[in-house]
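In what follows, a structure is listed as structure tokens, so that the remarks can point back to it.
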């Protein structure tokens, strides 16, 4: 099966598109990443997106127009990554514009029917709502795929995604999809990106290679104030997003941050992510696990270095070491979740999301669906 996985996360930097060959294999999947691209948002689309995000007040027309524009942007990214190769289906996470996990409310935009028309392929979408309807947070969902693709019979592993939000999946050796632990740790690169962008007047969108953080000094007083946030002491299941660790969090600590140089601010915010991730790993009792990092923060040596220093008995690597490029991991994961949608298999982990039961995820915008489902059945029977 040839699929495209599309992911746009809380970092708001663009769309990750992964072209993947997937085959069911004795309860798991084998995969081959055929192509991967990241398509940055245009300045216009980025401005429209940020204008509807909290704390801004918006209206239904702006949301509807943004839904279409994001659908077109996802379609462009999908066409680029597909090239001339025929596609069996597309799995699109969409762009989250609101998330309240504890309230079981979540909304992702990106019109799947625009995407279907552009690709002439079935589109699987809206992966989070089913878990919310079952009483869950709707996040994180990737732990299910982590268990399928990254678990090991020989060693404890922890998958850490360092996107806009940081989250982890604890994978004890010989674990199955039902006994993994996963949750959102707190901010990933969202805060440091925002501060660097603001301090450089938009000339830099992030702390590339962690250079600002590496040149700065940590403000321990500010760091302790941020670490006192009640989210960090919540027990799982828990999820969070830009609504909490975006502008509201920066505004709460804005005066203290403004007194710091951009280097010291970056160092302090990078340390906030590193310490909260390390504490989260400590809390699951796997201090000697192999830590496999993905997401934009996995390309930040300052952040990975601090996580490694705080966990001296663990090994800290990126998922590249297992043949899964760190930048592409989330997009690959949603391609797998799309296959699970087509199989109508439950793909949430209730102990991770807090849902009352395991449920199939996703909705389907069909195109030649009967033939596609027949192909899915054939592949699954032969696996």
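May I ask you to derive the FRET efficiency for residue 369 and residue 224 from their Cβ-Cβ distance with R0 = 35 Å, giving the value to the nearest 0.05? After rounding, the FRET efficiency stands at 0.05. The angle separating the long axis of helix 301-310 from the principal Cα axis of greatest extent in the chain is about 80 degrees. The relative contact order of the chain, computed from alpha carbon pairs under 8 Å that lie at least 6 residues apart in sequence, is 21 percent. Simple spin-label estimate for residue 204 and residue 283 gives 3.1 nm between the two label positions (7 Å along the Cα-to-Cβ direction from each Cα).
For the pair residue 58 and residue 80, a Förster radius of 25 Å applied to the C-beta separation gives a FRET efficiency near 0.30, rounded to the nearest 0.05. Shown here are the Rg and Dmax of the Cα trace of segment 151-322, at 15.7, 50 Å.
Here the spin labels are modelled as points 7 Å beyond Cα on the Cα-Cβ line, and at residue 313 and residue 217 they lie 3.3 nm apart. The mean sequence separation of alpha-carbon pairs under 8 Å and at least six residues apart, normalised by the residue count of segment 151-322, gives a relative contact order of 30 percent. Averaged over residues, the count of other Cβ atoms within 10 Å places the peptides 166-176, 181-191, 145-155 in the sequence 181-191, 166-176, 145-155, highest first. Footprinting exposure proxy ranking of 351, 357, 242, fewest other C-beta atoms within 10 angstrom first, gives 357, 351, 242.
Note on the chain: GNM, Cα springs under 10 Å; of 74, 31, 334, the largest mean-square fluctuation is that of 31. The protection proxy used here, the mean number of other Cβ atoms lying within 10 Å of each residue, ranks peptides 13-20, 310-317 as follows, highest first: 13-20, 310-317. Computed log10 I(q)/I(0) for the chain at 0.07, 0.12 Å⁻¹: -0.29, -0.88, from the Debye equation with unit scatterers placed on every C-alpha and solvent omitted. Applying 1/(1 + (r/R0)^6) with r as the Cβ-Cβ distance of residue 256 and residue 32 and R0 = 35 angstrom yields a FRET efficiency of 0.15.
Taking other C-beta atoms within 10 Å as the exposure proxy, 129, 11 rank 129, 11 from fewest upward. Dividing the summed -39500 (n - 2.57) terms of all DSSP H runs of n ≥ 4 by the residue count of the chain sets its mean residue ellipticity at 222 nm at -12000 deg cm²/dmol. Taking only the alpha-carbon positions of segment 121-233 and ignoring solvent, what does the Debye formula give for the base-10 log of I(q)/I(0) at q = 0.09, 0.11, 0.21 Å⁻¹? Results for segment 121-233 at q = 0.09, 0.11, 0.21 Å⁻¹ read -0.37, -0.55, -1.15. Considering only 214, 64, 267, the mean-square fluctuation computed in a Gaussian network model of the chain, springs between alpha carbons under 10 angstrom, is largest for 64.
Build a GNM of the chain with springs between Cα atoms under 10 Å apart, and of 229, 88, 100 the one that fluctuates most is 229. For the chain, the longest principal axis of the Cα atoms and the long axis of helix 190-199 meet at an angle of about 60 degrees. Peptides 67-73, 280-286 ranked from most to least packed, by the mean per-residue count of other Cβ atoms within 10 Å: 67-73, 280-286.
The long axis of helix 329-343 is offset from the longest Cα principal axis of the chain by roughly 30 degrees. Give the shape of segment 309-361 as rounded, prolate or oblate, defined through the alpha-carbon gyration tensor: a ≥ b ≥ c are the square roots of its eigenvalues, a/c under 1.5 means rounded, and otherwise the shape is prolate if a/b is larger than b/c and oblate if not. Taking the square roots of the gyration eigenvalues as a ≥ b ≥ c, segment 309-361 is oblate.
The numbers here are math on the coordinates, done by the rules we state, and not lab data. Model, not experiment: these values are computed from the prediction. Please note: Cβ atoms are built from the backbone with ideal geometry, for glycine as well, and neighbour counts cover all protein chains shown.
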